[in-house]
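Read through the structure below, which is laid out as structure tokens, and then see the notes.
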Amino acid sequence: APTKPARAGWSRVNPFTGHEEFPRIDPAVICLVHDGADRAVLARQAAWPERMFSLLAGFVEAGESFEVCVAREIREEIGLTVRDVRYLGSQQWPFPRSLMVGFHALGDPDEEFSFSDGEIAEAAWFTRDEVRAALAAGDWSSASESKLLLPGSISIARVIIESWAACE
């Protein structure tokens, strides 16, 4: 039988039986890796156009804490070991059923990047001034000629990047 939305769209109810279903949520982490000073890592996925960079992210595996997931994803995607993983905030993405949990972590700029799984095409350390200039130039959807294009304002990635860039 067709179901109807309930609880402001957070569930669906069978009007004949009263059975209520709630959507599954898939938690994912997203992290800004920084050096504790003036540089942060941004990465470009292989499927993205040149100049389009963001934070590193990935889905939490069964039995894994958010912090362990951050360390694993960063290690898998760019080969860095991180420490001092700190929670920043979260953002829901109802489609495709994701909950993005934001973090920052310390990384060593002297450690070399390695791209083993093919998901990330490139990563680089950017200074706070470079990130500030990119933020001022717009976002992925703009026609900016900036050498660095960042996520749009509706994403937790942008919020985390802006927060880091605003620090002295």
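Remarks
- Cα-only Debye scattering, the range 1-47: base-10 log of I(q)/I(0) at q = 0.20, 0.32, 0.34 Å⁻¹: -0.74, -1.12, -1.17
- Cα-based equivalent ellipsoid, the range 24-166: semi-axes from gyration tensor eigenvalues, Å: 22, 18, 15
- Spin-label proximity, residue 142 to the range 14-58 - amide N less than 14 Å from point 7 Å beyond Cα toward beta carbon: 52-53
- Once the Cβ-Cβ distance of residue 52 and residue 25 is raised to the sixth power relative to R0 = 41 Å, the FRET efficiency obtained is 0.90.
- Stretchable slack from residue 6 to residue 68, in nm (0.36 nm times residue separation minus alpha-carbon distance): 18.8 nm
- Averaging Cα coordinates gives a centre for the range 82-152 and one for the range 1-30; these two points are 32 Å apart.
- For the range 119-125, putting each phi into the Karplus relation 6.51 cos²θ - 1.76 cosθ + 1.60 with θ = phi - 60° gives couplings of 6, 9, 8, 7, 9, 7, 8 Hz, in residue order, rounded to whole numbers and with x for Gly and Pro.
- When each of the peptides 125-132, 60-67, 49-56 is scored by how many other beta carbons lie within 10 Å of its residues on average, the order from highest to lowest is 49-56, 125-132, 60-67.
Bear in mind these aren't lab numbers, they're just calculated from the coordinates by the rules spelled out. In this text, all values refer to a predicted model and were calculated from it rather than measured experimentally. Please note: Cβ atoms are built from the backbone with ideal geometry, for glycine as well, and neighbour counts cover all protein chains shown.
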